[in-house]
Amino acid sequence: MTNLKRHFSVHGCPHLLLSDNGAQYTSQRFKDFASTWDFVHRTSSPEFPQSNGLAENVVSSAKKLLEKSKRDGTDVFLNLLNIRNIPRDTTLGSPADRLMSRQTRTTLPLSKTLLAPTVKSGDAVKAQLTKKRQCQKVWYDKTSKPLCPLSEGQVVRMQTQRGHALLAMVKLICKEPRSYIVESGGHDYRRNRRHLLPVLEAPPPPAHQVDNGDQAAVTPLTGEPSQDGAPTSPVRARDVISDGKGSREAGICRRLLASDGIYRPPLSRIGGVAE
């Protein structure tokens with residue numbers, strides 16, 4: 001918070017502050033800090049660094065600068081000064097141009113006319129930035145497909161390190177884009193839409209109905225009730241179909257449901273779960 005206060009005292013308080021879900025940003029002290037300095041704080045989706053891509057790119061650029069400075073034995077602050085004076089194009093100029101309306105003096109030879117303040121058009125800069133971002137979006141969308149939005153009360157599978165292993169239910173739609181609060185095993189999780197797979201399964205049992213000593217306890221692998229001590233299998237890629245509109249899942253899944261509404265995978269000849 002001290003570093004943020006130092007920047008805010010020079011450049012002013014922002015209207016909106018975006019960050020990840022680090023402990024320093026989710027504490028009560030930071031909430032009080034946001035209330036005192038009168039700005040809105042929003043966090044990116046947990047376990048999904050791509051939703052905080054701008055900050056991740058800055059961190060990546062800073063790491064590369066530190067590595068090159070250490071390898072060459074040069075001053076990192078002098079290299080940072082030079083990078084901030086490199087123009088991106090004729091409209092945007094350099095970061096120093098956009099921030100201070102002029103270039104800053106470096107150790108390189110520089111004309112005095114470039115040190116004179118020249119205000120750039122805010123509308124032209126904004127339009128050029130939007131154009132470049134739209135161009136990046138076009139190339140990214142060539143290999144991506146849209147996912148249908150989820151609704152409250154919908155049953156989903158939440159992605160973990162073992163795949164879509166946890167059965168959950170959508171509890172709340174967050175104000176952040178493509179972000180949901182899901183409930184699984186009596187706990188609430190915030191996840192991005194990319195981590196949630198809609199399925200046609202029975203809703204997960206309430207937390208007070210789960211008994212660790214019962215045969216129908218929730219298995220740690222899938223979060224589904226076990227039958228006769230045999231764990232159920234998570235959702236696999238073959239269980240997801242396309243609706244013909246380019247979406248890999250499109251919110252429509254075909255599952256083999258038993259009479260009680262619980263999916264059970266087919267058994268192989270030796271009695272195991274068929275892969």
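Only the coordinates and a few stated rules stand behind these numbers; no lab work does. The structure displayed is predicted, hence computed values, not measured ones. FYI the Cβ positions are ideal-geometry reconstructions off the backbone, even for glycines, and counts take in every protein chain you see.
Here are the numbers for the structure shown:
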item	result
Most to least packed among 21-31, 134-144 [average Cβ atoms within 10 Å]	21-31, 134-144
Two-decimal Rg/Rh across segment 1-134, once Rg and the Kirkwood Rh are taken from alpha-carbon atoms	1.00
Chain lengthening between residue 140 and residue 64 when straightened (0.36 nm per residue, less Cα-Cα)	25.0 nm
FRET efficiency estimate (nearest 0.05) - Cβ-Cβ, residue 47 to residue 200, R0 30 angstrom	0.75
Segment 13-69: translational diffusion in µm²/s, Stokes-Einstein, Kirkwood Rh over Cα pairs, 25 °C, 0.890 mPa s	192 µm²/s
Gain upon complete extension [residue 108, residue 187; 0.36 nm per residue less C-alpha separation]	22.6 nm
